[in-house]
Each structure stands twice: as structure tokens, then as C-alpha cells.
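For reference, the structure is listed below as C-alpha cells.
The values are calculated or read from the model by the stated rules, or taken from the named source; none is laboratory data. Just so we're clear, the structure is a prediction, and the values are computed from it rather than from any experiment. Virtual Cβ from ideal backbone geometry, glycine too; neighbours counted across all protein chains shown. Remember, those area values only see protein heavy atoms, side chains included, never the ligands or the DNA or RNA. Shrake-Rupley method; radii C 1.70, N 1.55, O 1.52, S 1.80 Å.
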Amino acid sequence: MHNRQLHGALAGFVEEAAWQLAAETADGAEIPFEVVRGGRRDSPLYCYRPLTADFIEQRVGLLSRLPSFLPAVHALSGLGRLGDYLESRGERGYPAEPRARAEFALRVFLSRVFEESTDFALSPERLERAYGEVESALYDGRTETVVIAPLLGVETASPEVALGEGLTLVRGEAFAEDAPTDALWAPGARRAHLLVVVRWEAAAGDTTPVAHARVRLRRLLTALRLYDGASVGFGPLAWTRTGGSPWQPFALGALGRRGEEPIVVGADQEDELRAFCSLIARRTPRSGELAWALRRYEMACERAIPGEALTDVLLALRALIEPEGPGSGRLAGRLGALCALLDERAALTARVAHTIALERALIGGLAVDPEIDALTGELAGHLRALLRDLRSVAEDIIGQDAAGAEQTTLA
């Protein structure tokens, strides 16, 4: 078996779907049949073949509400050769969009498991035969690479949370593959690590597993920082292996820092986190003011003392909403307009102006307001909010400022 995560997700869905479909037939729903001619020409025989796939297709909405549906879809959506599997099953006009294609493939797989079945009784032989066809199409002639890295500062209610694109959060005690003890458990701790598991199929000319893993882990770290204000990071070591080779450790370096309050992902938040991580992976800019501000925000997240992050936060905010430069003095007012309700804008503007004034004292090593850590944390929270759903709102505010100044000049 190449991919235990995929097998578990598909098996869980098939088991729930079997119960649901069996309940439908028990309640009187009838499976359609087609008449198939067979036997000799001079004495033809006819048999009835159940159209199980049609029965399943008519109940797509019902099956999509099963708890195991989304994990199975996300496990499939990150597979690079899913089209090969569909074509091997004779499917040609399948969707091009990854999510829709994964849902379509899941229905094809379910239909294959219960092909010509009229009672939807699930047998291990049927499941393994259908799953073997999936792995044969996906992995024949290719080798899977796996990287695991302990994630600090995040807790999940579920033992496993699939994020899509071959990325999964798995609690150490639930990781089904053999792995080094240091990867699964913190030294001297009774609680297992939460692991980030990255899987992909390497092709000739691809980057090394270590370089590929660093990029994927860094993107996940960015998404988690924007998703929640808590500090998150990775352990100093990660492990990788290709195929059935032994696990090899490698140093991750400084990838984030753990805060006192973790991000807690409840079962009802998993879909939201999945969608958010997918959005950040697709929409994160690689250049321009927004990309520059995001890098400054990440620098601020890695400061050991929150107050030391003040300059990073101010630089990011100025790049986003004060393009005229700090001499314009518009940052505090614009941030108040963007991040506070009307009756709270004056108070927020005053606090931001006060925090900005502390930067010079901080640079000079002078005594500063003892509340600087809290003030900087508040400012960083507003920056995070802007980075999540900028840019049009900020541009509207800046445009309104410019229009107001122009009207004043004309008057």
C-alpha cells in the first residue's frame, strides 16, 4: 500500500455510504436494471444487470452530507494522476477543476466497489480490489516521498485533518506508518506531537525533498499565522523518506516560534481551515507591496519579544495603507477607519498614534510605555486582519482620503 491516508479516507467513506445506500433500499428505493443479451444466437438468454452507478448518482446530495465525504474528497484532490485513474475506468469527460474532479472520482470509486451489487453489503475483497485499481493508476512506475514535521502551537480535535494537496495534520499516536519516536513524541512528554505530513510524487528534475518540504511548510506556516493570531512553529527537525527507504532526519532551522496559547481547531472548524489554507496557497502574492508587507508581518511573528516587532508591523502597515510615507501622518486615521466601528474610530486612532510615537523611544533605547507589548500586539492583530482581506477596502479608504483632500483644496 502506497498511501495509507488515502486508503483510510476512502474506506471510511465507503463504509458510511454502504450503510446509507442499504438504508435507502430497505426503505423501498429500487435500483434500476438493464437487460443484457447473452447466450447463443439461436437461443439467446437475457439477464438483468443492476445499474448501481445510476442509483448512486441519484443520491449524490445525500452522500455528500456524510461526515467522511469531505476528508475523502480532499484526500483525492491532492493526487496528481487522478485523471489517469478516471481514464482507466473509461471516463473521459471528467471535470478539470480539482475539487469537482475529486468528487467525480469518488463517485466512480464507490460505484466500482458496489458494481452489480443490489444490497450494498461491503466486503473487504470488493474494497481492496477497487482500491488496488486506484493505486495502480496513481503509483505504478512512480515513487512517493513523505515528509513529517512536528507542528507546535496547534491542537486538533480530530486525530487527522486533511488539508488537501497532499498536506495533512496527524496526531502522532494516529500516524499509521512506522516513524522515529522523536518525531512522534516530545522528549519526556506524555502527549504526542501534532505532525504535518507532506506527500507527493517526485519526478525527474524536481527539487530535492528537503527543498520541496521547506517551501510547503513555510506556506502552511503563513496560512496558520493569518488564520489565527497565536504563534505557531515547527520543531527543529523533520524526517523524510522515499518509497520504503529508512526515515532520514534533516534540520528545519528557525521556522516560527510557539506561543503560550495554541490554535485549537475544532471538528466544526476543519472545513474553514482547509478552505483558508487552500486560498492562501493560491492567492499569496510573490511580489509587490502586499508580498513585502506579508514578509514584514512574518518577521514580526518570529520576534521573541512582541515590543521588538513594532518596527516590522509599522513598516508593513505603511506599505499597505500609507504609500505617501510616514511624513503624511495618515496611518493612524486610516487604520482607525479600516479596523474600528464609527463610534470607536477616534479611540483606536489615538492608540495607534501613541504606539507610532513609541517607535523612536524604542530605537533610542529610552524608557517606553510598559504597555508597548500589548499595544504592538493590537497593531499586529489589525495588520493580520488587513492582510487577510485587503486589498480593495484599503484602496477605497485611500481613494476617499485623496478625494477629500482634493475637495478641500478646490474649496
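Considering only residues that are surrounded by 19 or more Cβ atoms within 10 Å (Cβ to Cβ) and in contact with a helix residue (DSSP H, G or I) (Cβ under 7 Å, 6 or more places away or on another chain), look in segment 141-159 and name the one that is modelled with the lowest pLDDT.
T145
Being of a type outside the set (D, E, K, R), more than 20 Å from the chain's Cα centre (by Cα), in a loop (DSSP other than H, G, I, E, B) and at pLDDT 80 or above narrows it down to one residue among A203, A189, A183, A179; which is it?
On the way: A203 fails: at pLDDT 80 or above; A189 fails: at pLDDT 80 or above; A183 fails: in a loop (DSSP other than H, G, I, E, B).
On inspection, the qualifying residue turns out to be A179.
Just name the residue that is nearest to D389 (Cα to Cα) out of those in segment 271-296 that are of a type in the set (S, T, N, Q) and either in contact with a Phe, Trp or Tyr (Cβ under 8 Å, 6 or more places away or on another chain) or part of a loop (DSSP other than H, G, I, E, B) (or both).
If we take residues in segment 271-296 being of a type in the set (S, T, N, Q) and either in contact with a Phe, Trp or Tyr (Cβ under 8 Å, 6 or more places away or on another chain) or part of a loop (DSSP other than H, G, I, E, B) (or both), then T284 is nearest to D389 (Cα to Cα).
Got a sec? Which of L348, L314 is crowded, with 20+ Cβ neighbours inside 10 Å, modelled with pLDDT of 90 or more and either under 29 Å from the mean Cα position of the chain (by Cα) or in a loop (DSSP other than H, G, I, E, B) (or both)?
Details: L348 fails: either under 29 Å from the mean Cα position of the chain (by Cα) or in a loop (DSSP other than H, G, I, E, B) (or both).
Matching residue, one of L348, L314: L314.
Among the residues that make up segment 259-266, is at least one of them part of a helix (DSSP H, G or I), in contact with a Leu (Cβ under 9 Å, 6 or more places away or on another chain), among the hydrophobic types (A, V, I, L, M, F, W, C) and closer than 16 Å to R384 by Cβ?
No, segment 259-266 contains no residue that is part of a helix (DSSP H, G or I), in contact with a Leu (Cβ under 9 Å, 6 or more places away or on another chain), among the hydrophobic types (A, V, I, L, M, F, W, C) and closer than 16 Å to R384 by Cβ.
Can you tell me which residues in segment 251-260 are modelled with pLDDT of 80 or more and open to solvent by 20 Å² or more (accessible area, probe 1.4 Å)?
Taking segment 251-260 first, the residues modelled with pLDDT of 80 or more are 251-252.
Once the filter is applied, which keeps residues that are modelled with pLDDT of 80 or more and open to solvent by 20 Å² or more (accessible area, probe 1.4 Å), segment 251-260 yields only A251.
Could you give every pair whose Cβ atoms fall below 6 Å, whose first residue belongs to segment 87-98 and is within 16 Å of E133 (Cβ to Cβ), and whose second residue is hydrophobic (A, V, I, L, M, F, W, C) and open to solvent by less than 80 Å² (accessible area, probe 1.4 Å), counting only separations of at least 6 or pairs across chains?
S88/A137; R89/V108; Y94/L86; Y94/F104
Here is a yes/no grid of residues against (1) touching a Phe, Trp or Tyr at 6+ places or on another chain (Cβ under 8 Å); (2) open to solvent by less than 30 Å² (accessible area, probe 1.4 Å):
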site: S77; (1), (2): no, yes
site: P95; (1), (2): yes, no
site: P98; (1), (2): no, no
site: V113; (1), (2): no, yes
site: T118; (1), (2): no, no
site: G132; (1), (2): no, no
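What is the one condition in (1) surrounded by 20 or more Cβ atoms within 10 Å (Cβ to Cβ); (2) without any contact (Cβ under 8 Å) to a residue 60 or more places away in the chain that R171 does not satisfy?
Every listed condition holds for R171 apart from (1).
If you scan segment 80-89, which residues turn out to be open to solvent by 50 Å² or more (accessible area, probe 1.4 Å) and either part of a helix (DSSP H, G or I) or more than 23 Å from T145 (Cα to Cα) (or both)?
Within segment 80-89, D84, E87, S88, R89 qualify.
Find the residue count for segment 221-258, including only residues that are of a type outside the set (D, E, K, R) and not in a strand (DSSP E or B).
21
Which of the residues spanning segment 321-336 are touching a Leu at 6+ places or on another chain (Cβ under 9 Å) and open to solvent by 20 Å² or more (accessible area, probe 1.4 Å)?
Hit for segment 321-336 is P326, nothing else.
Residue under question is I398, and the condition is that it be assigned to a helix (DSSP H, G or I), surrounded by 15 or more Cβ atoms within 10 Å (Cβ to Cβ) and at pLDDT below 85; does it hold?
Working: assigned to a helix (DSSP H, G or I): yes; surrounded by 15 or more Cβ atoms within 10 Å (Cβ to Cβ): yes; at pLDDT below 85: yes.
Yes.
Residue check: is V198 closer than 24 Å to N3 by Cβ, part of a helix (DSSP H, G or I) and free of Cβ contacts under 8 Å to residues at least 60 places away in the same chain?
No, not satisfied.
Does segment 280-292 contain any residue that is within 23 Å of A361 (Cα to Cα), open to solvent by 20 Å² or more (accessible area, probe 1.4 Å) and not basic (K, R)? Quick ask: steps written out before the conclusion?
Taking segment 280-292 and keeping what is within 23 Å of A361 (Cα to Cα), we get none.
Checked segment 280-292: no residue is within 23 Å of A361 (Cα to Cα), open to solvent by 20 Å² or more (accessible area, probe 1.4 Å) and not basic (K, R).
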